[in-house]
Amino acid sequence: MEIEQTGLKDCVIIKPRIFQDPRGYFFESFNKNTFEEKTGLSGNFVQDNQSFSSYGVIRGLHAQSGEFAQAKLVRVLKGEVLDVAVDARPSSPTYGKHFAIKLSAENNFQLYVPRGFLHGFSVLSETAEFFYKCDNFYNKGAEQGVIFNDPELNIDWLIPEYKQAISDKDLILNSFSSL
């Protein structure tokens with residue numbers, strides 16, 4: 001596993017070592033010991049989630065607050081997404097900054113999104129299966145989020161406005177400055 005820095009404190013890209021032969025490929029998608037050794041971060045994941053979406057879907061920007069905050073290890077099983085992490089930790093030197101990366105079934109990259117970050121993605125392929133591990137259990141009462149098109153964040157989701165598909169719930173989220 002290779003670790004690449006994103007420029008946001010504690011948010012890293014994980015590139016697996018892939019073994020290929022005429023039969024196909026194999027890679028270790030997660031190893032707690034290797035992850036902690038190479039990143040210095042904790043990898044105590046307790047919940048896995050998966051979603052399926054079509055081109056143009058934008059999910060986010062979401063987080064869990066307080067004692068229910070979650071770190072996530074995200075990847076794509078099928079298709080391609082633009083994955084976005086926003087540092088929403090007021091005491092962080094990278095507060096208010098975002099990082100975006102294309103994750104796909106072809107590159108097998110993963111993004112570690114620390115607790116206190118907002119997270120979202122847009123689907124760039126016809127369809128995408130998105131998978132992520134969480135280090136804390138989901139709690140509906142701890143949901144928080146920021147509107148995907150907040151001008152303060154100025155995120156380019158790489159989807160033309162007329163093709164964007166956003167849930168009603170995500171369309172009424174607040175601005176970043178209201179966190």
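The values are calculated or read from the model by the stated rules, or taken from the named source; none is laboratory data. Note that the structure is predicted; figures quoted are calculated from it, not measured. A quick note on method: Cβ atoms are made from the backbone with ideal geometry, for glycine too, and the neighbour counts reach across all protein chains shown.
See the values below:
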read-out	value
Residue check for Val84: under 23 Å from Ser177 (Cβ atoms), modelled with pLDDT of 95 or more and buried (at least 21 other Cβ atoms within 10 Å of the Cβ)	yes
Test: residue in segment 137-157 that is crowded, with 18+ Cβ neighbours inside 10 Å, among the charged types (D, E, K, R) and farther than 20 Å from Arg89 by Cα	no
Number of the condition not met by Gln64 [criteria: (1) touching a helix residue (DSSP H, G or I) at 6+ places or on another chain (Cβ under 8 Å); (2) at positive phi]	(2)
Residue list for segment 102-119, filter: over 17 Å from Gln70 (Cα atoms), crowded, with 18+ Cβ neighbours inside 10 Å and within 11 Å of the chain's Cα centre (by Cα)	Leu103
Segments classed as strands (runs of 3 or more DSSP E), wholly inside segment 71-179, with at least 2 members that are basic (Lys, Arg) and within 26 Å of Arg17 (Cβ to Cβ)	72-78
Residue that is in contact (Cβ under 8 Å) with a residue 24 or more places away in the chain, within 21 Å of Val57 (Cβ to Cβ) and surrounded by fewer than 19 Cβ atoms within 10 Å (Cβ to Cβ), where the choices are Ser177, Ser167, Ser122, Ser92	Ser167
